[in-house]
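The values are calculated or read from the model by the stated rules, or taken from the named source; none is laboratory data. None of these values were measured; they are calculated from a predicted model. Accessible surface is based on the protein model in full, side chains and every heavy atom, while ligands, DNA and RNA are left aside. Shrake-Rupley method; radii C 1.70, N 1.55, O 1.52, S 1.80 Å.
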Amino acid sequence: MWWARRVVIVRRFARFWNAFDPRVQVPQSGVFGPAYRRNPVHIYTAEEISDLLEAAADLQPDWSLRPASYRTLIGLLACTGLRISEALHLQIDDFYADAGILMIRRSKGGQSRCVPIQASVVNALNDYRRSRHKHHPQTQSSAFFLSKKGRPISYAAAREAFRS
């Protein structure tokens, strides 16, 4: 949280001035609450991942691209360890099937990197790409993962699908 760092700076500044003027009050540590709150990380078991993949395949409407999009997205996240934002920002041109590589652009900290992927992942991504083209042959979007309407999947939509 951006304000937690500022609280630390304010406390240091107050301690500095307190050395010159004892009337300056130094806020107690923790007076503004914990400096950083983070939910504990959950590592999914193989069984949980399998259940998620099954549930994604059952998403409605079953005639649309939606089940394939989320099944492939969840499988990719499980196989590669990508961040959800990295996967959602993938473009068609970021997938190099012949080399077995995904190019991750503008990741955390603005860095880019290449992620090697196994042959099974290449096959799954190729299958999804064919399905994507079949459902949305005229799409103007270069996003790899598309919604049922042919637009890039948003983080909010992915979160909602994951919850359901």
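Here are the numbers:
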{"quantity": "Surface accessible to a 1.4 Å probe, Asp58 within the full protein complex, Å²", "calculated": "110"}
{"quantity": "Whole-number D in µm²/s for the chain (Stokes-Einstein; Kirkwood sum over Cα pairs; 20 °C, 1.002 mPa s)", "calculated": "114"}
{"quantity": "Using alpha-carbon coordinates, inclination of helix 2-20 to the longest axis of the chain, degrees", "calculated": "20"}
{"quantity": "Share of alpha-carbon pairs per 10 Å distance bin for segment 78-164, given as whole %", "calculated": "16, 48, 34, 2"}
{"quantity": "For segment 45-164, accessible area per residue (1.4 Å probe, heavy atoms of protein chains only), Å²", "calculated": "60"}
{"quantity": "Rounded percent of accessible protein surface that carbon and sulfur make up, the chain, 1.4 Å probe", "calculated": "54"}
{"quantity": "From phi via Karplus (6.51, -1.76, 1.60), per-residue ³J(HN,Hα) for segment 130-145 in Hz, x at Gly/Pro", "calculated": "5, 5, 4, 5, 5, 6, 9, x, 9, 4, 8, 7, 9, 4, 5, 9"}
{"quantity": "Whole-number percent relative contact order across the chain, with pairs defined as alpha carbons under 8 Å at least 6 apart", "calculated": "18"}
